[in-house]
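Below: one structure, written as structure tokens.
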Amino acid sequence: MQPFAIAPSILSADFARLGEEVDKVLAAGADIVHFDVMDNHYVPNLTIGPMVCAALRKYGITAPIDAHLMVKPVDRIIGDFIEAGATYITFHPEASEHIDRSLQLIRDGGCKAGLVFNPATPLDVLKHVMDKVDMILLMSVNPGFGGQKFIPHTLEKLKEARALIDASGREIRLEIDGGVNVQNIREIAAAGADTFVAGSAIFNQPDYKAVIDAMRAELAQVR
Ligand SMILES: O=C(CO)[C@@H](O)[C@H](O)COP(=O)(O)O
């Protein structure tokens, strides 16, 4: 299993001070920057794109950037995120005409590739592409907005994904996204997640380090 990683979702950061916000959350102990890309088509919201990702790199952010593309069609924006310096690029199977090709595009660009599953999307497709994914992201809310409640049945799905990863023998991150907070992170980790996206739970508090420390203390009880 991969080491635990905390990935604050900058969707809940102050966009007017984005560089400073990312610096601050990394200084507070975050491992990965979770970068939500919404197109007002695949999801009913509009956020940030590759220019902002490139701007964060230019500003000096060296931490891994995990670009979650909620964009349809997805292929034509993948190259822009590779150029912009994303580390992970993940997309939803429903948003790609050719899932295997989209994964290959990401990997050919030198990035790590991942698939994202909405709460009601089955994991079936994974069995055909397990050798091409570096991350599996399970949405524990319907995508589009921060600040929603964790959907409990995702815990069963996490166990299912964890079993698939363990059976593959590959190093694949299992990321969870939506409604993650200090109160539920331990149960989520126990179900198999190793990478935890949290937006409002971190950015809506004045002391990011206090939240991240509290999350790590919960995770330390799992392993
Ligand atoms: O992708 C999304 C929402 O679509 C998430 O990354 C949210 O931004 C998570 O926010 P919280 O539920 O942690 O507030």
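The values are calculated or read from the model by the stated rules, or taken from the named source; none is laboratory data. Computed from a predicted structure; not experimentally measured. All Cβ positions, even for glycine, are placed from backbone atoms using ideal geometry, and neighbour counts span all protein chains on display.
Residue by residue, here is whether (1) acidic (Asp, Glu); (2) crowded, with 19+ Cβ neighbours inside 10 Å; (3) at pLDDT below 95; (4) within 12 Å of the ligand (Cβ to nearest atom) holds:
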{"residue": "Lys132", "(1), (2), (3), (4)": "no, no, no, no"}
{"residue": "Ile136", "(1), (2), (3), (4)": "no, yes, no, no"}
{"residue": "Asn142", "(1), (2), (3), (4)": "no, no, no, yes"}
{"residue": "Gly147", "(1), (2), (3), (4)": "no, no, no, yes"}
{"residue": "Pro152", "(1), (2), (3), (4)": "no, no, no, no"}
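Every residue, every condition in (1) within 18 Å of Asp108 (Cβ to Cβ); (2) free of Cβ contacts under 8 Å to residues at least 40 places away in the same chain; (3) surrounded by fewer than 19 Cβ atoms within 10 Å (Cβ to Cβ), yes or no:
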site	(1), (2), (3)
Val43	no, no, no
Leu46	no, yes, yes
Met51	no, yes, yes
Ala55	no, yes, yes
Thr62	no, yes, yes
His68	no, no, no
Asp80	yes, yes, yes
Of the residues in region 91-130 that are of a type in the set (A, V, I, L, M, F, W, C) and within 16 Å of the ligand (Cβ to nearest atom), the one that is surrounded by the most Cβ atoms within 10 Å (Cβ to Cβ) is Phe91
Examine region 51-65 for a residue that is at positive phi and away from the ligand (no atom under 16 Å from the Cβ), and state whether such a residue exists. yes
Expected single match for within 17 Å of the chain's Cα centre (by Cα), at pLDDT 95 or above, within 24 Å of Arg162 (Cβ to Cβ) and of a type in the set (Gly, Ala, Ser) among Ala63, Ala5 is Ala5
Taking region 8-41 and keeping only residues that are among the charged types (D, E, K, R), within 13 Å of the ligand (Cβ to nearest atom) and surrounded by fewer than 23 Cβ atoms within 10 Å (Cβ to Cβ), one is left with Asp39
When restricted to Lys209, Lys157, the only residue away from the ligand (no atom under 12 Å from the Cβ), over 29 Å from Gly79 (Cβ atoms) and crowded, with 19+ Cβ neighbours inside 10 Å is Lys157
